[in-house]
Amino acid sequence: MLPDSRVEPLLSDPPERPEEACGVFGVYAPGEDVARLTYFGLHALQHRGQESAGIAVGDGETVTVTKNHGLVSRVFKESDLDSLTGDVAIGHTRYSTTGSSTSWENAQPHLSTIGRQVIALAHNGNLVNTRELREELRGRGIRFRSTTDSEVIATLIGAFTQQHHHIRDGIRETMKLISGAYAVVLVTEEALYAFRDPHGVRPLVLGTLPDDAGWVVASETCALDIVGARYLRDVAPGETLKISANGLEAQQAVPAEKQSLCMFEFVYFARPDSEMFDCSLYEARRRMGEALAREAGVEADLVIGVPDSGVPAAVGFAQGSGIPFGEGLAKNRYVGRTFISPSQMLRQQGIRLKLNPLKHAIAGKRLVVVDDSIVRGNTTKKIVALLREAGAAEVHMRITSPPVVWPCFYGIDTDTQEQLIASSHSVEEIREHIGADSLAYLSLDGMVAATGQSKDQFCLACFDGEYPIEIPQSVREGKLALESCT
Ligand code: AMP
Ligand code: SF4
């Protein structure tokens, strides 16, 4: 049963809209510049979200948030960081979906109150029972300002904390009700909390700052590295951490379920210099490429990768096949999500805004082009055309994951099933669509083996349709076009 709670003002009746994978960061370090540490942590997590960024700091009395649309470097000025003083902070980078409009309210951290106490919360992942929870809360007179799962989580924590008196109890009771993927950091005026869903779909790691200066939690280890923190361990599935003047207090809030780390973190999403399951993502991607060379070799002159995530795999393909590796596409790393939309003439250049072929390197060559995934098939088609225009004699696409056939409900924006090209087309049809001379995907077993882990550690649902967390029918209907598709 949900407890009654204070009524928040009704500003809008938000439409249903999924959350996306994001980056979260938290630091407890009295006497340190926690806002600046968070700022740099968010820089390392920029790849996980370019739509908006935010920092919330607890200063012993209250919590203050600065957040806005855009890249981390655009959102925060030196003066913002100077004014965010305190002992504890959290931060968030939000993932961008082409064409989606996002209100300021949807940017995170999400600020709310529990009685007179201010808290801020930042979330990575996607709940699958938001609608039910929101309807139930609405029945109790609670209204929402934003469309985010984070607000639902914060509202529940607030309501349960009022009933049970301690935030950790509020979090535990909330974790019993919410279903889906979540890695959450929460800050009060004096403490940092972190918790992770019972399947551990989204990553969350714990580290310590040098000289016992404090604790850090982050989506990826690359964000520990940037602030000089040492990786200690993963936050366990179903676990809650509280970090305060009493040190670290860990609690298994809800029982852990079968670990189901998102395989797409290994394939595409996480940074290559991060580690998951004690495995370097660069190395895993390199091994995926090596395995692909064994599974789907081809005669060619040069192996190139599609920057960024295809490059380690291309190195592996070259090592596995003996074909030389080379750079073939230069990426403009500063395109990101821009607020100045390109003119029609520029838009026609399409992919060239991001990728430009190195003509002299590829002209007349038979190319193996390695990328991590094909989702809709649109980008891959443009890349093949670009390489042909630049004089490639042959283009052999090699993909280091199996066909993406099923949509994601847990926070990676892989679209509805209708838009996933592999849900309705054979490999040969996809090859024809993208205009490649040949196309091959890595097998599921080959991909998993490259991580050094067994299959049962992962969510593989977008490849095999086996969703580890039940998807309510109302949510399935929105994304699953072809129920019978296998
Ligand atoms: P497409 O050919 O349009 O399916 O695009 C494939 C490219 O999109 C690959 O280079 C992937 O690295 C990249 N990609 C894969 N998953 C995603 C995602 N969830 N969001 C944005 N890009 C993605
Ligand atoms: Fe990751 Fe795919 Fe599972 Fe979504 S469905 S969590 S993208 S493996």
Checked R388, R376 against criteria (within 16 Å of ligand 2 (Cβ to nearest atom), within 30 Å of G364 (Cα to Cα), basic (K, R) and in the same structural domain as A291 (by TED's automatic domain parsing)); the one match is R376
Every listed condition ((1) more than 16 Å from ligand 2 (Cβ to nearest atom); (2) in contact with a strand residue (DSSP E or B) (Cβ under 8 Å, 6 or more places away or on another chain); (3) not in a loop (DSSP other than H, G, I, E, B)) holds for F266 save (1)
Being of a type outside the set (K, R), touching a residue at least 60 places away in the same chain (Cβ under 8 Å) and within 15 Å of ligand 2 (Cβ to nearest atom), is that true of even one residue in region 418-425?
yes
If you go through R134, R138, the only one that is surrounded by 19 or more Cβ atoms within 10 Å (Cβ to Cβ) and either part of a helix (DSSP H, G or I) or assigned by TED's automatic domain parsing to the domain that holds S474 (or both) is R134
Tell me, yes or no, whether region 404-411 has at least one residue that is within 30 Å of S179 (Cα to Cα) and either surrounded by fewer than 21 Cβ atoms within 10 Å (Cβ to Cβ) or away from ligand 2 (no atom under 12 Å from the Cβ) (or both). yes
Taking region 41-86 and keeping residues among the basic types (K, R) and not in a loop (DSSP other than H, G, I, E, B) leaves R48, K67, R74
In region 390-411, anything within 10 Å of ligand 1 (Cβ to nearest atom), outside any loop (DSSP other than H, G, I, E, B) and not β-branched (V, I, T) is listed as M397
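Quick grid of which residues meet (1) within 19 Å of L37 (Cβ to Cβ); (2) among the hydrophobic types (A, V, I, L, M, F, W, C):
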residue	(1), (2)
F195	no, yes
P198	no, no
R202	no, no
L209	yes, yes
D225	yes, no
A229	yes, yes
E239	no, no
Exercise. Does A270 fit the bill of being out of contact with any Cys (no Cβ under 6 Å at 6 or more places or on another chain), aliphatic (A, V, I, L, M), at negative phi and within 16 Å of ligand 1 (Cβ to nearest atom)?
Worked result: yes
When (1) closer than 30 Å to G170 by Cα; (2) away from ligand 1 (no atom under 14 Å from the Cβ); (3) in contact (Cβ under 8 Å) with a residue 40 or more places away in the chain; (4) not in a loop (DSSP other than H, G, I, E, B) are applied to A291, the one that fails is (1)
Sole miss for G478 among (1) without any contact (Cβ under 8 Å) to a residue 40 or more places away in the chain; (2) assigned to a helix (DSSP H, G or I) is condition (1)
All-but-one check, V298 against (1) in contact with a His (Cβ under 6 Å, 6 or more places away or on another chain); (2) part of a helix (DSSP H, G or I), failing number (2)
If I filter region 421-441 for residues that are crowded, with 24+ Cβ neighbours inside 10 Å and near ligand 1 (Cβ under 9 Å from one of its atoms), do I get at least one hit?
no
Checking L224, L186 in turn, the sole residue that is closer than 23 Å to G125 by Cα, away from ligand 1 (no atom under 16 Å from the Cβ) and assigned to a strand (DSSP E or B) turns out to be L186
Note on region 191-201: residues assigned to a loop (DSSP other than H, G, I, E, B) and either touching a Leu at 6+ places or on another chain (Cβ under 8 Å) or under 12 Å from I90 (Cα atoms) (or both) are A191, G200, V201
By residue number, the members of region 176-204 that are surrounded by 24 or more Cβ atoms within 10 Å (Cβ to Cβ) and either acidic (D, E) or away from ligand 2 (no atom under 16 Å from the Cβ) (or both) are V184, V185, L186, V187, L192, Y193, A194, F195, D197
Flagged in region 206-220 as of a type in the set (V, I, T) and surrounded by fewer than 24 Cβ atoms within 10 Å (Cβ to Cβ), in numbering order, are T208
So, first residue outside the structural domain of P109 (by TED's automatic domain parsing) in region 73-92, second residue assigned to a strand (DSSP E or B), Cβ within less than 7 Å, six or more apart or across chains; the pairs are none
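The values are calculated or read from the model by the stated rules, or taken from the named source; none is laboratory data. If you're wondering where the values come from, they're calculated on a predicted model, not measured in any experiment. For neighbour counting, all protein chains shown are included, and Cβ atoms are generated from backbone atoms with ideal geometry for every residue, glycine included.
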